[in-house]
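Note sheet for the following structure.
The values are calculated or read from the model by the stated rules, or taken from the named source; none is laboratory data. These numbers come from a predicted model, not from an experiment. So basically every Cβ, Gly included, is an ideal-geometry build from the backbone, and we count neighbours across all protein chains shown. All accessible areas refer to the heavy atoms of the entire protein, side chains included, with ligands and DNA or RNA removed. Shrake-Rupley method; radii C 1.70, N 1.55, O 1.52, S 1.80 Å.
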Amino acid sequence: MSDTFSLRPVSPADDAFLFELYASTRPDIAALGLADTQREVLLRVQWMAQRQGYQARYPRGEHQLVLVDGRPAGRLWVAREPEELRLVDVSLLPACRGTGLGTALLRALQQEATAVGKPLRLSVARDNPARRLYARLGFSSVTGME
């Protein structure tokens with residue numbers, strides 16, 4: 001996959017895609033062995049809670065769809081705060097992971113942060129495989145803040 005992408009603001013019409021994307025990032029829920037209906041209800045509740053939490057914590061955050069060849073490939077949620085650029089969330093469809101797209105998105109944010117003279121910060125779970133990508137791109141851990 002090329003590292004060429006475009007971004008556009010998320011709209012209510014994107015909800016079905018955003019739910020599918022969220023579900024693809026939660027293999028832990030798929031592994032619970034729930035019936036399909038139960039699994040979907042749990043995923044929907046958690047997806048809505050995540051979105052509401054991000055909106056409450058980062059009211060000025062920019063929630064965008066990542067497009068490759070005009071098709072949705074993921075999402076990017078960035079809060080441009082007075083003291084920092086905060087990567088709230090980046091999620092890619094399984095077919096787009098490991099293709100260089102995530103690297104391209106993060107490098108673009110790093111360039112923006114450098115241009116405006118602010119740090120680019122993010123939080124990531126200890127067991128998230130994306131930690132390898134963040135380390136490769138020069139992000140460092142802050143003790144006690146993981």
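Being farther than 22 Å from Arg57 by Cα and either under 18 Å from the mean Cα position of the chain (by Cα) or of a type in the set (Gly, Ala, Ser) (or both) is the filter; apply it to the range 113-124 and report the residue that is least open to solvent (accessible area, probe 1.4 Å). So the residue we want is Gly117. Within the range 34-57, residues that are on the phi < 0 side of the Ramachandran plot and loosely packed, with under 13 Cβ neighbours inside 10 Å reach partners that are modelled with pLDDT under 95 and of a type in the set (A, V, I, L, M, F, W, C) with beta carbons closer than 9 Å, at six or more positions or on different chains, in the pairs Gln38/Leu32; Val41/Leu34. The one condition from (1) assigned to a helix (DSSP H, G or I); (2) closer than 18 Å to Glu84 by Cβ that Arg132 does not meet is (2). Number of residues in the range 134-146 that are surrounded by fewer than 16 Cβ atoms within 10 Å (Cβ to Cβ) and either of a type outside the set (Val, Ile, Thr) or touching a helix residue (DSSP H, G or I) at 6+ places or on another chain (Cβ under 9 Å) (or both) equals 9. Among the strands (runs of 3 or more DSSP E) confined to the range 1-111, the ones with at least 2 residues that are more than 27 Å from Arg132 (Cβ to Cβ) and at pLDDT 95 or above are located at 6-9. In the range 55-67, the count of residues that are in contact with a helix residue (DSSP H, G or I) (Cβ under 6 Å, 6 or more places away or on another chain) and more than 16 Å from Tyr22 (Cα to Cα) is zero.
Each row is one residue, and each column tells you yes or no for (1) at positive phi; (2) open to solvent by 70 Å² or more (accessible area, probe 1.4 Å).
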site: Gly98; (1), (2): yes, yes
site: Leu109; (1), (2): no, no
site: Arg126; (1), (2): no, yes
site: Arg132; (1), (2): no, yes
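Can you pull out every residue in the range 1-32 that is charged (D, E, K, R), over 20 Å from Leu109 (Cβ atoms) and surrounded by 10 or more Cβ atoms within 10 Å (Cβ to Cβ)? Asp14, Asp15, Glu20, Arg26, listed by residue number.
Residues in the range 69-86 that are within 25 Å of Ala115 (Cβ to Cβ) and open to solvent by 20 Å² or more (accessible area, probe 1.4 Å): Arg80, Glu81, Pro82, Glu83, Arg86.
Pairs are defined by a Cβ separation below 9 Å, a sequence spacing of at least 6 or placement on different chains, a first member in the range 108-133 that is within 22 Å of Pro94 (Cα to Cα), and a second member that is aromatic (Phe, Trp, Tyr) and open to solvent by less than 50 Å² (accessible area, probe 1.4 Å); the pairs so defined are Leu122/Tyr134; Leu122/Phe139; Val124/Tyr134; Val124/Phe139; Asn128/Tyr134; Arg131/Phe139; Leu133/Phe139.
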